[in-house]
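See structure below.
The values are calculated or read from the model by the stated rules, or taken from the named source; none is laboratory data. These figures come from a predicted structure and were not determined experimentally. Ideal geometry is used to build each Cβ from the backbone, glycine not excepted, and the neighbour counts take in all protein chains shown. Surface areas here come from the heavy atoms of the whole protein model, side chains and all, with no ligands, DNA or RNA. Shrake-Rupley method; radii C 1.70, N 1.55, O 1.52, S 1.80 Å.
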Amino acid sequence: MLSVPEIRISRNRKDWATEAATLIIRVGQQAVRSRGCFSLAVSGGTTPELLYETLASAAYAERFDWSAATFFFVDERCVPPEHPDSNFNLANRALFLPLRINLNNIYRMSGESSDPDGAAREYEAQIRTACASPTDIWPRIDLVLLGLGNDGHTASLFPGTAAVDERHRWVAVGHAPSGPSTRLTLTLGVINQASVVVFLVTGADKAGIVKTILNPGSDADRQLPAALVKPNRGRLIWLIDSPAASELEDHC
Ligand code: 6PG
């Protein structure tokens with residue numbers, strides 16, 4: 001049963017970050033209640049920084065026992081972890097260090113590897129060890145946080161690239177048209193197996209692509225990577241601020 005997206009529009013980025021932080025904590029609390037642990041995969045780019053800072057702020061830091069959380073990465077640029085373009089660098093600076101997350105609870109993609117395909121296979125093995133059985137076809141991550149690019153990419157699944165079509169591997173090598181081109185990325189099979197998938201999108205510059213993904217006008221629109229995120233059994237939630245929602249029909 002493919003879930004209908006839940007769309008939540010916040011007046012501004014501050015309210016958006018509050019909504020997102022509150023949701024993440026609620027999903028975490030539910031996961032801990034039902035399984036005693038919480039697995040979440042985080043994306044990079046620039047959008048999540050305010051959310052990470054909110055989660056690490058005094059108002060939120062004590063609302064959840066982060067020792068129960070295991071962090072994965074949705075994707076990573078093939079750069080060293082201290083590189084300014086590294087998704088780990090962003091999460092570490094804005095979230096892991098302020099919340100004093102134990103390094104044993106963070107599964108970092110080896111962006112620095114000179115063998116991206118080997119690093120992808122290594123990361124799949126790490127995910128399998130951390131949150132899957134040896135026979136699982138797909139892992140089941142509790143929460144996956146995604147961003148959205150103006151070309152309709154999400155994670156490092158870029159339109160027209162092989163990683164989008166990967167149907168068996170859990171982690172693939174992605175290729176971006178700009179910025180650090182070679183990347184590691186979770187595949188759609190993993191993302192669509194998650195219990196909760198949340199798109200985090202802000203800013204008027206994303207209004208056009210938000211409309212295209214949520215109100216596709218063609219088969220090409222429906223084949224964009226972000227449009228292919230359809231959790232098999234989980235929830236799909238869009239957390240967007242008002243500027244990013246400004247081209248949606250009946251948006252107030
Ligand atoms: C990355 C992300 C990528 C990002 C989008 C949006 O590694 O860049 O995972 O999918 O979420 O490109 O990026 P912004 O948040 O910078 O707009």
Cα gyration tensor, the chain - rounded (a/c under 1.5), prolate or oblate: rounded
q = 0.22, 0.23, 0.30 Å⁻¹, segment 211-252: log10 I(q)/I(0) [Debye, one scatterer per Cα]: -0.85, -0.90, -1.08
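Taking every DSSP beta bridge that has both residues in segment 62-190, what percent is antiparallel when rounded to the nearest 5?
If we restrict to bridges inside segment 62-190, about 90 percent are antiparallel.
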DSSP-defined antiparallel bridges as percent of all bridges, the chain, nearest 5: 30
Rounded, prolate or oblate (a/c below 1.5 giving rounded, otherwise prolate when a/b exceeds b/c) for segment 170-235 by Cα gyration tensor: oblate
FRET E, pair His175, Asn102, Förster distance 30 Å, beta-carbon r, rounded to 0.05: 0.35
About the Cα centre, charge dipole magnitude for the chain (Lys/Arg +1, Asp/Glu -1 at Cβ), debye: 700
Exposure of Asp219 as accessible area (Å², to 10), given a probe of 1.4 Å and all protein chains: 110
For segment 8-53, the spread of Cα positions along each principal axis, largest first, Å: 34, 21, 17
Solvent-accessible area of Lys206 with every protein chain in place, 1.4 Å probe, in Å² to the nearest 10: 30
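May I ask you to derive the FRET efficiency for Asp65 and Ala125 from their Cβ-Cβ distance with R0 = 25 Å, giving the value to the nearest 0.05? Walk me through the numbers before you get to the answer.
Working: r = 28 Å, r/R0 = 1.11.
It comes out at approximately 0.35.
When a/c reaches 1.5 or more, the comparison of a/b and b/c decides; with that in mind, is segment 33-88 rounded, prolate or oblate per its Cα gyration tensor? Don't skip to the end; give the middle numbers.
Working: a/c = 2.70, a/b = 1.51, b/c = 1.79.
Oblate shape, in that a/c is at least 1.5 and b/c is the bigger or equal ratio.
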Cβ-based charge dipole, the chain, positive-most Cα from Ala41, Thr202, Gly152: Ala41
Residue of Gly160, Gly147, Gly189 that the Gaussian network model of the chain assigns the largest fluctuation, springs spanning Cα pairs under 10 Å: Gly160
Label-point separation, Ala204 to Thr182 (7 Å along Cα→Cβ), nm: 4.0
Most mobile of Val79, Val32, Val144 in a GNM of the chain (Cα contacts under 10 Å): Val32
